[in-house]
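Trainee: Submitted below is the structure of interest, expressed as structure tokens.
The values are calculated or read from the model by the stated rules, or taken from the named source; none is laboratory data. It should be emphasised that the depicted structure is a prediction, and the values quoted were computed from it without experimental measurement. We place every Cβ from the backbone using ideal geometry, glycine too, and count neighbours over all the protein chains shown.
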Amino acid sequence: MQIASAASAFPKHYYTQKVLLERLQDYWGAKLKNPLLLARLHRNVTVDGRYLAIPAEEYVDIKTWGQANDIWIRVAQELGEQALCRALQNSGIKPQDLGCLLFTTVTGVASPSIDGMLINRMGLPAKIRRTPIFGLGCVAGAAGIARASDYVRAYPKQAAALVSVELCSLTLQREDLSVANLISSGLFADGAAAVIVTGEEFESSDREIDATRIKGPEILATRSIFYPDTEDMMGWNISEKGFRIILSTEVPKLIRENLGRDVDAFLADNGHKRSELKSWVLHTGGPKVLDASADALGLHNGELDASWACLKKVGNLSSASVLCVLEDVMKNRRPEPGTLGLLAAMGPGFCSELLLLKW
């Protein structure tokens, strides 16, 4: 099993963090009792700028969850198509070669789901197996690759695609002035990403092009870990007003207490030690999450630079973040052939997803 490619796509509306802070201060107006707190929280997330699904001035016109979700459906199709087209182009794989399409999000709902809409938009095979995934949040990028690898393990002659679209700006709650929502307004952003995973016996319909492509790492093993009785740490409270963020301050503590042990156990079960890993693809989370991950794994010498760079450049894209980090590593920070690495993310449940890679 191999990751053949990874590609991202973003809306055309980009704003610096300074401009977004000013917009949000106007958006909340007199309701915001402590503007300096909002400014401090935005500064602490270490994000330079973010993409938005629609122009910033149009958010004030959104009055209902239904209106926000209609925008989500439209933009999710556009970005999902862009990301998947780029991933297919990068891999040399034709749309008709796909046997499976997984779609993940936690920022909007649709039925038929976006994956079904993409089949129509892109002319994907009518017999393609599709699986929409909702609710996994930040962990879903890693979990989606793992489920794609499960699929091609069962069907080794086929290829599977994962598409993630997260439009976090459309979940912003105007009435919610909690610290969690203020942090979210400065941390989370909009974007999409896609990954192609191929089975061991896969052969592209265009073998000449496929042979010239630089592919990604092999997937040697995967593991899902669920932490019982932690469902209140992260997620959404869902009401007629939409998605209201749940974000516990205990998340970094949970990571420090569990991630290192779980990674070591996963590696040991596959005959390896943490010291053998020389490549790390971790979900961006936020500064406290990345610091906690570095502490848990003993990574304090630039091993997480790709994750920090992604966070700084585009913010936290929820499930798409780890896929964007993967794209950056494949394009700009590629390890030497044979290097062992880990791709990992954590999210609502609370849970983690681990993938052992060989470059």
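Trainee: Residues being more than 30 Å from GLN67 (Cβ to Cβ) and in contact with a Ser or Thr (Cβ under 6 Å, 6 or more places away or on another chain): count how many of those fall in the range 93-125.
Mentor: Qualifying residue count, the range 93-125: 3.
Trainee: Here are TYR151, TYR227, TYR155: which of them is out of contact with any helix residue (DSSP H, G or I) (no Cβ under 8 Å at 6 or more places or on another chain), over 21 Å from LEU323 (Cα atoms), hydroxyl-bearing (Ser, Thr, Tyr) and modelled with pLDDT of 90 or more?
Mentor: Exactly one residue qualifies, and that residue is TYR155.
Trainee: With respect to the numbered conditions (1) in contact with a Gly (Cβ under 6 Å, 6 or more places away or on another chain); (2) modelled with pLDDT under 90; (3) aliphatic (A, V, I, L, M), which one is the sole condition not fulfilled by LEU187?
Mentor: (2)
Trainee: State whether one or more residues within the range 107-118 are out of contact with any Phe, Trp or Tyr (no Cβ under 9 Å at 6 or more places or on another chain), closer than 30 Å to GLU240 by Cα and in a helix (DSSP H, G or I). Can you show your working first?
Mentor: Filtering the range 107-118 down to residues out of contact with any Phe, Trp or Tyr (no Cβ under 9 Å at 6 or more places or on another chain) leaves 111-112, 117.
From what's left, closer than 30 Å to GLU240 by Cα: 111-112, 117.
Filter once more, keeping what is in a helix (DSSP H, G or I): 117.
Yes, there is a match, as at least one residue in the range 107-118 is out of contact with any Phe, Trp or Tyr (no Cβ under 9 Å at 6 or more places or on another chain), closer than 30 Å to GLU240 by Cα and in a helix (DSSP H, G or I).
Trainee: Here is a further query. Among the residues of the range 245-295, what is the count of those that are surrounded by 17 or more Cβ atoms within 10 Å (Cβ to Cβ), in a helix (DSSP H, G or I) and among the hydroxyl-bearing types (Ser, Thr, Tyr)?
Mentor: 1
Trainee: Right, here's the next one. Just name the residue that is surrounded by the fewest Cβ atoms within 10 Å (Cβ to Cβ) out of those in the range 129-158 that are without any contact (Cβ under 8 Å) to a residue 40 or more places away in the chain and either closer than 20 Å to MET1 by Cβ or out of contact with any strand residue (DSSP E or B) (no Cβ under 8 Å at 6 or more places or on another chain) (or both). Give the derivation first.
Mentor: So the first thing to find is which residues in the range 129-158 are without any contact (Cβ under 8 Å) to a residue 40 or more places away in the chain, and the list is 129-134, 154.
Then keep just the ones that are either closer than 20 Å to MET1 by Cβ or out of contact with any strand residue (DSSP E or B) (no Cβ under 8 Å at 6 or more places or on another chain) (or both); that gives 129-131, 133, 154.
On the way: ARG129: 14, ARG130: 18, THR131: 17, ILE133: 19, ALA154: 10.
Looking at the filtered set, the residue picked out is ALA154.
Trainee: Still on this structure: Looking only at residues in the range 296-318 that are in contact with an Asp or Glu (Cβ under 6 Å, 6 or more places away or on another chain) and not hydrophobic (A, V, I, L, M, F, W, C), which one is surrounded by the fewest Cβ atoms within 10 Å (Cβ to Cβ)?
Mentor: Filtering first and then ranking leaves LYS312.
Trainee: Which one is farthest from TYR227 (Cα to Cα) among residues in the range 133-170 that are of a type in the set (Ser, Thr, Tyr) and more than 10 Å from the chain's Cα centre (by Cα)? First the steps, then the outcome.
Mentor: Of all residues in the range 133-170, those of a type in the set (Ser, Thr, Tyr) come to 149, 151, 155, 164, 169.
Subset that is more than 10 Å from the chain's Cα centre (by Cα): 149, 151, 155, 169.
Numbers: SER149: 23, TYR151: 25, TYR155: 31, SER169: 28 Å.
In this case the residue turns out to be TYR155.
Trainee: Which numbered condition in (1) part of a helix (DSSP H, G or I); (2) closer than 13 Å to LEU187 by Cα; (3) not β-branched (Val, Ile, Thr) is the only one that GLU22 fails?
Mentor: Exception for GLU22: condition (2).
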